[in-house]
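The values are calculated or read from the model by the stated rules, or taken from the named source; none is laboratory data. Just so you know, these numbers come straight off a predicted model, no measurement behind them. All Cβ positions, glycine included, derive from the backbone under ideal geometry; neighbour counts span all protein chains shown.
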Amino acid sequence: MSTPDNMKERNIGILCYFKPSAGLTLLREQILGKERFDKAFKTYISRWAFKHPTPDDFFRTIENVSGENLNWFWRGWFYNNWKLDQAVTRVKYVKDDPKQGALITVENLEKMAMPCILEIKMAGGKIDRVKLPVEIWERNTKWTFLYPSTEEIASVTSDPDFVFPDSNSDNDVWRR
């Protein structure tokens, strides 16, 4: 949220153009979805055209039109320089029987919060996707959920499409 005259000159391009652009892409493609983001963005443009909006005016308009509280996103992406590091830390079968389901644990090891997308590959080749909302991190840094497996799980991968800025990809995959 610094103005360019308070930045080192070599960082201005990244901080003023690349990072905001990447943040808006995340917001559109992964968090709000194209339809809600586009509607909110167009509303912002029509409300604030030829005026002098502040970043807070942008944030409030996007939240107001999308109907979603995005304080966690603004705080992590724009107000602070927090990192994201989500990890798949454990897979345990209910009663040690894969047919009764699996308890999958993910952790948020840094301060930035984002939704969690998991790709679960079964031993038989079936692949499933699970998307966990960002709200799981409101009061927790660790989240365990029951996945209705019917066979052994071969692997669980966090962010399989590399759409989030995870700072440590070494802990993104759990393998049997």
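Quick notes on this structure:
- Residues that are free of Cβ contacts under 8 Å to residues at least 60 places away in the same chain and buried (at least 16 other Cβ atoms within 10 Å of the Cβ), drawn from the stretch 145-176: Y147, S149, A154, S155, P160
- Residues that are under 20 Å from A113 (Cβ atoms) and in contact with a Phe, Trp or Tyr (Cβ under 8 Å, 6 or more places away or on another chain) within the stretch 139-156 comprise W143, V156, listed in sequence order.
- Condition check for K39: of a type in the set (D, E, K, R), touching a residue at least 24 places away in the same chain (Cβ under 8 Å) and not assigned by TED's automatic domain parsing to the domain that holds D166: yes
- Leading residue by the ranking (surrounded by the fewest Cβ atoms within 10 Å (Cβ to Cβ)) among those in the stretch 1-57 that are of a type in the set (S, T, N, Q) and in a loop (DSSP other than H, G, I, E, B): T3
- Filter result (part of a helix (DSSP H, G or I) and either not aliphatic (A, V, I, L, M) or not assigned by TED's automatic domain parsing to the domain that holds P20 (or both)) within the stretch 64-88: N64, S66, N71, W72, F73, W74, R75, G76, W77, F78, Y79
- Selection from the stretch 60-114 of residues that are farther than 15 Å from W137 by Cα, hydroxyl-bearing (S, T, Y) and at pLDDT 95 or above: T61, S66, T89, Y93
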